[in-house]
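The block underneath contains the structure these notes are about, expressed in structure tokens.
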Amino acid sequence: MSKLFSPLNVKSITFKNRIITSPMCMYMAEDGFASDWHLVHYGSRAMGGAGAVMLEATAISADGRIGVGDLGIWKDEHIEMLTKITSFIKSTGSVPAIQLAHAGRKGSTWASGRESRPLMPDEENGWEVIAPSAIAFSPTMQTPREMTLEDIEELQQAFADAAARALKAGFEMVEIHSAHGYLINEFLSPIPNKRTDHYGGSIENRARFLFETIDKVKAVWPTELPIAVRISATDWMEDGWNIDDSVWLSKKLAGKGIDIVDVSSGGTVPNAKITVGSGYQLPFASTIKRELKNQLLVGAVGMITSAHQAETILTNGDADLIFIGRELLRNPYFSLEAAKQLRSEAPVPKPYELAF
Ligand SMILES: Cc1cc2nc3c(=O)[nH]c(=O)nc-3n(C[C@H](O)[C@H](O)[C@H](O)COP(=O)(O)O)c2cc1C
């Protein structure tokens, strides 16, 4: 049996294999509502055999959206359609997961596929963006309003309320989006966070927003279900957040009972020089995995596109879980094919057996 297709128990949940559909914004929602489109999209990845299907960055408040078409979980009415999606994912033996997100200063955009443009607050569908400090991401984007302590408390509560709705909708894992330069990452990184109160300055202060958010989410999320946190392991900038900070953070996350750290990178500044290539973020995951010594599970992501590449990552002990993004957009049945290539039991839906 390959490592990639060996089951993994995390708390009360069993992942039938180590492949997780990486969260990917589709920008196909209206007012945050999922539709049949999302059911078919996420359902296809579940039928395609992924161990878990994680829904895209799903906004915890309307002004926490990246783009107008983001999925949302800021009101109870969103729960009904999300429940259909989780039921279907579960019926395939896959684990339904959801990424909870607030876009911070990178919000208020119109986006679709390769196209994206910022929306100013006075433009149709635009809204005022908020962030730890009043520093714009780029000259073409809004200068955010600096968050007050009331805003901080309100948004942390919104994360918890969103987690409670996710539970009602049948999700078995939540991931707190703390990567890619969105709100929580904006607190963590010293580049966008120039606060002088106890949410800025030292690394402990910059991590406070995330830690308090985790505490609030844990108050509503059952102890027997896993919680993941996606981080940007580096800003790819000399004066920014770096891998040593990420090792420090991962140790703290383990201490807080977080089950999985999902190791991505970048997104805090527009001008970072990122060396992109096959498995380009893997060294960050493997450093954290080595330093953490099994205190929590480590997810690797980024241009992992073949069964053998994924298997090697696991057998080398560089990560515990493989998040796959674009390859699963190209081929929702990647996991079924990967199982065959690794001579493992393929999680093939019965009616598809003759094809495999
Ligand atoms: C269309 C698209 C949308 C994405 N949306 C999200 C998102 O909602 N949340 C997130 O953390 N990452 C998002 N990402 C990043 C992916 O989850 C993944 O980390 C990245 O694409 C690298 O992995 P890959 O090479 O396997 O695609 C997105 C990527 C793509 C291509």
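Structure notes:
- Conditions (1) farther than 21 Å from ILE19 by Cβ; (2) in contact (Cβ under 8 Å) with a residue 24 or more places away in the chain: number failed by MET303: (1)
- Whichever residue in the range 93-125 is hydrophobic (A, V, I, L, M, F, W, C) and in a loop (DSSP other than H, G, I, E, B) and, among such residues, is farthest from MET54 (Cα to Cα): MET120
- Given (1) within 16 Å of SER189 (Cβ to Cβ); (2) out of contact with any Ser or Thr (no Cβ under 7 Å at 6 or more places or on another chain); (3) of a type outside the set (Gly, Ala, Ser); (4) open to solvent by 30 Å² or more (accessible area, probe 1.4 Å), number of the condition LYS293 does not satisfy: (1)
- Filter result (open to solvent by 10 Å² or more (accessible area, probe 1.4 Å) and within 24 Å of LEU8 (Cα to Cα)) within the range 84-109: SER87, PHE88, LYS90, SER91, THR92, GLY93
- The set of residues from the range 215-224 being touching a Phe, Trp or Tyr at 6+ places or on another chain (Cβ under 9 Å) and either among the aromatic types (Phe, Trp, Tyr) or buried (at least 20 other Cβ atoms within 10 Å of the Cβ) (or both) comprises just one member, VAL217.
- Some residue of the range 285-298 being more than 30 Å from THR143 (Cβ to Cβ), within 11 Å of the ligand (Cβ to nearest atom) and modelled with pLDDT of 95 or more: no
- GLY69 in a loop (DSSP other than H, G, I, E, B), surrounded by fewer than 24 Cβ atoms within 10 Å (Cβ to Cβ) and touching a residue at least 24 places away in the same chain (Cβ under 8 Å): yes
- Residue in the range 254-277 that is most open to solvent (accessible area, probe 1.4 Å), counting only those that are outside any loop (DSSP other than H, G, I, E, B) and away from the ligand (no atom under 16 Å from the Cβ): GLY255
- Qualifying positions in the range 172-199 - of a type in the set (A, V, I, L, M, F, W, C), away from the ligand (no atom under 15 Å from the Cβ) and surrounded by 20 or more Cβ atoms within 10 Å (Cβ to Cβ): PHE187
- Of residues in the range 8-21 being surrounded by fewer than 17 Cβ atoms within 10 Å (Cβ to Cβ) and not in a strand (DSSP E or B), the one farthest from the ligand (Cβ to nearest atom): SER12
- Spans of helices (runs of 4 or more DSSP H) in the range 126-240 with at least 2 residues closer than 21 Å to VAL53 by Cα and in contact (Cβ under 8 Å) with a residue 60 or more places away in the chain: 149-168
- Restricting MET24, MET81 to those that are among the aliphatic types (A, V, I, L, M), part of a loop (DSSP other than H, G, I, E, B) and open to solvent by 20 Å² or more (accessible area, probe 1.4 Å) reduces the list to MET24.
- Within the range 27-45, the residues that satisfy the criterion of being assigned to a loop (DSSP other than H, G, I, E, B) and within 16 Å of the ligand (Cβ to nearest atom) are TYR27, MET28, ALA29, GLY32, ALA34.
- Every residue from the range 66-106 that is of a type in the set (Lys, Arg) and closer than 20 Å to GLU154 by Cα: LYS75, ARG105, LYS106
- Of everything in the range 313-348 that is within 16 Å of the ligand (Cβ to nearest atom) and polar (S, T, N, Q), the residue that is most open to solvent (accessible area, probe 1.4 Å) is ASN331.
The values are calculated or read from the model by the stated rules, or taken from the named source; none is laboratory data. Since we're looking at a predicted model, the values are computed, not measured. Glycine also receives a Cβ, built like all others from the backbone with ideal geometry; neighbour counts cover every protein chain displayed. Each accessible area value is taken on the protein alone, full model and side chains, heavy atoms only, with ligands, DNA and RNA left out. Shrake-Rupley method; radii C 1.70, N 1.55, O 1.52, S 1.80 Å.
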